[in-house]
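Q: Sharing a structure, written as structure tokens. Questions coming.
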Amino acid sequence: MGESTFALRLKPGDDLKDGIQQFVNANSIRAGWIVGCVGSLTEYHLRFANQEQGLEGSGHFEIVSLTGTLSVNGCHLHASISDGYGHTIGGHLLSGCKVYTTAEIILTATDKYIFMREHDDTTGWKELKIEEP
């Protein structure tokens, strides 16, 4: 069993979440996680805790944190962003976060597990299910 590390750069106008999912799909990653990310956005779309809908905004934002699990079966990502005054918000990353200058992402994957997403009656959301190959 092994681990692999990948480096990815998304360019201006790319969608942060969709770009990561496309990379995961192209590399057949079944169980991975974000190691780190730096970059910036001109648009964000985040869902906050216990909310059904996401909040959208535009401007210039630094990505100060990105974390989550990755799989061809679905990614679960959380991000924190800050504006030009250092005000920071964070939440569940949704499609619609557009890269401003760059998003430089390092991720690691393992073949020890397969990450699945399945509906959990307790939470009402698709939650992580960990399987072994």
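The values are calculated or read from the model by the stated rules, or taken from the named source; none is laboratory data. All values derive from a computational prediction rather than experimental measurement. Quick reminder, even Gly has a Cβ in these numbers, built from the backbone with ideal geometry, and neighbours come from all protein chains shown.
Q: Quick check on this structure: which one of Ser95, Ser28 is in contact with a helix residue (DSSP H, G or I) (Cβ under 6 Å, 6 or more places away or on another chain), surrounded by fewer than 14 Cβ atoms within 10 Å (Cβ to Cβ) and touching a residue at least 12 places away in the same chain (Cβ under 8 Å)?
A: Ser95
Q: One residue is enough: does the stretch 26-37 have a residue meeting the conditions of a type in the set (Lys, Arg), assigned to a strand (DSSP E or B) and at pLDDT 95 or above?
A: no
Q: May I ask you to list the residues in the stretch 45-91 that are under 22 Å from Arg117 (Cβ atoms) and among the aromatic types (Phe, Trp, Tyr)?
A: Phe48
Q: In this structure, does Ser58 turn out to be free of Cβ contacts under 8 Å to residues at least 24 places away in the same chain, under 20 Å from Asp14 (Cα atoms), part of a strand (DSSP E or B) and not basic (Lys, Arg)?
A: yes
Q: While we're looking at this one, here's another question. Given the condition of a type in the set (Ser, Thr, Tyr), over 19 Å from Trp33 (Cβ atoms) and either touching a helix residue (DSSP H, G or I) at 6+ places or on another chain (Cβ under 9 Å) or not in a strand (DSSP E or B) (or both), answer yes or no: does some residue in the stretch 98-117 qualify?
A: no
Q: Residues that are in contact with a helix residue (DSSP H, G or I) (Cβ under 7 Å, 6 or more places away or on another chain), at pLDDT 95 or above and not charged (D, E, K, R): does the stretch 46-59 have at least one?
A: no
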